[in-house]
Amino acid sequence: MNNFVKHVRHFSINSKGYSISLEQFVPKHKPARDEDIQLLENFIFNSKRLLVLTGAGISTESGIPDYRSEVVGLYARTNHKPIQHMEFMRSNATRQRYWARNFVGWPRFSKSQPNAVHFSIKKLEIDHKIVHTVVTQNVDNLHYKAGSQNVIELHGNGHRVVCLQCNKIYDRYYIQEKLKNKYDIDFDAMTKVIGTDGDVAVPEEFSANFTVPTCESCNGILKPDITFFGANVPKSKVDKVKENVTMSDSLLVLGSSLSVFSGYRIFLQALEEGKNTCIVNIGRTRADDQVKLKIEAKCGDILPKIC
């Protein structure tokens, strides 16, 4: 196991040699208590088929902000408003703005690396055979980068692009290379605070003149293969999650406030089916009054000590 896995890296170096704090988006929190570590260890190792639900709170430790955290979340730091599905579909100007922002943010977003939480989950799945499914609300691909195998990406994956007309799938790196042939920009200078799905604020003039990529096969609209706000998670994926919840004996929620219903209904199903439930999160969640075990801690302070 390399040093990155053993110790959470707190800083990375960008292309210009500047140090970027990977912890800048983690909310204020108290150190994990020994009794909480023991409670979580008991919960995990008493499980036989554990389903793990992860949210943006585990990726803040990789330098990707969440939306709702006080002071450090996107809503608190910026006037960022996540893209709405119908706006993207109806308006070419909206698609220009989105793709311009995503193009500029992609280099840093795509270089994000898994942290100790992702590696701990992978170890519980691959080595200990306790985790049988990971359901993630994140679109950052970090579970796969860490080596997890049975992952259901509830809201998709920003590393894929789909044509909304013919359903052709593109690698996001391929789309980036095509766009780079048209635009010669200083990505580091333009990238300030990256969004949860990889977009950043860009000058109005840049987005207004941005050429939106289209499908090479049918000239259809291209969209990152993620579920935008206002759109529904595909029924086939919802059914797959339901099936895996039923197959599990326990549910562990990591780094999610469960504010979005697509995640909260997973918890409600587990509760209805009598599963053991545990939440590890900084701050309140939608299920605090219902969960059997709630631990107020940073996931990276507690899970690696167990795994």
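The values are calculated or read from the model by the stated rules, or taken from the named source; none is laboratory data. From a predicted model like this one, the values you see are computed outputs, not experimental measurements. As a convention, Cβ positions derive from the backbone with ideal geometry for all residues, glycine included, and neighbour counts pool all protein chains shown.
Restricting attention to segment 87-99 and to residues that are under 20 Å from Lys182 (Cα atoms) and more than 21 Å from the chain's Cα centre (by Cα), the residue that is surrounded by the fewest Cβ atoms within 10 Å (Cβ to Cβ) turns out to be Asn92.
Scanning segment 129-171 for residues that are free of Cβ contacts under 8 Å to residues at least 12 places away in the same chain and assigned by TED's automatic domain parsing to the domain that holds Pro82 turns up just one, Asn167.
I'd like the full set of residues that are surrounded by fewer than 24 Cβ atoms within 10 Å (Cβ to Cβ) and touching a helix residue (DSSP H, G or I) at 6+ places or on another chain (Cβ under 9 Å), limited to segment 100-115. Once the filter is applied, which keeps residues that are surrounded by fewer than 24 Cβ atoms within 10 Å (Cβ to Cβ) and touching a helix residue (DSSP H, G or I) at 6+ places or on another chain (Cβ under 9 Å), segment 100-115 yields Pro107, Arg108, Ser110, Ser112, Gln113. Scan Val161, Val233 and give me the residue that is modelled with pLDDT of 90 or more, part of a loop (DSSP other than H, G, I, E, B) and under 30 Å from Ile126 (Cα atoms). Only one candidate passes the filter, namely Val233. Restricting attention to segment 85-131, the residues being of a type in the set (Ser, Thr, Tyr), part of a helix (DSSP H, G or I) and within 30 Å of Ser207 (Cα to Cα) number 3.
Of all residues in segment 239-254, one or more are assigned by TED's automatic domain parsing to the domain that holds Leu51, in contact with an Asp or Glu (Cβ under 8 Å, 6 or more places away or on another chain) and loosely packed, with under 15 Cβ neighbours inside 10 Å. Give the residue that is farthest from Ile152 (Cα to Cα), with candidates limited to residues of segment 263-289 that are surrounded by 15 or more Cβ atoms within 10 Å (Cβ to Cβ) and without any contact (Cβ under 8 Å) to a residue 24 or more places away in the chain. Step by step, filter segment 263-289, then rank; the result is Leu271.
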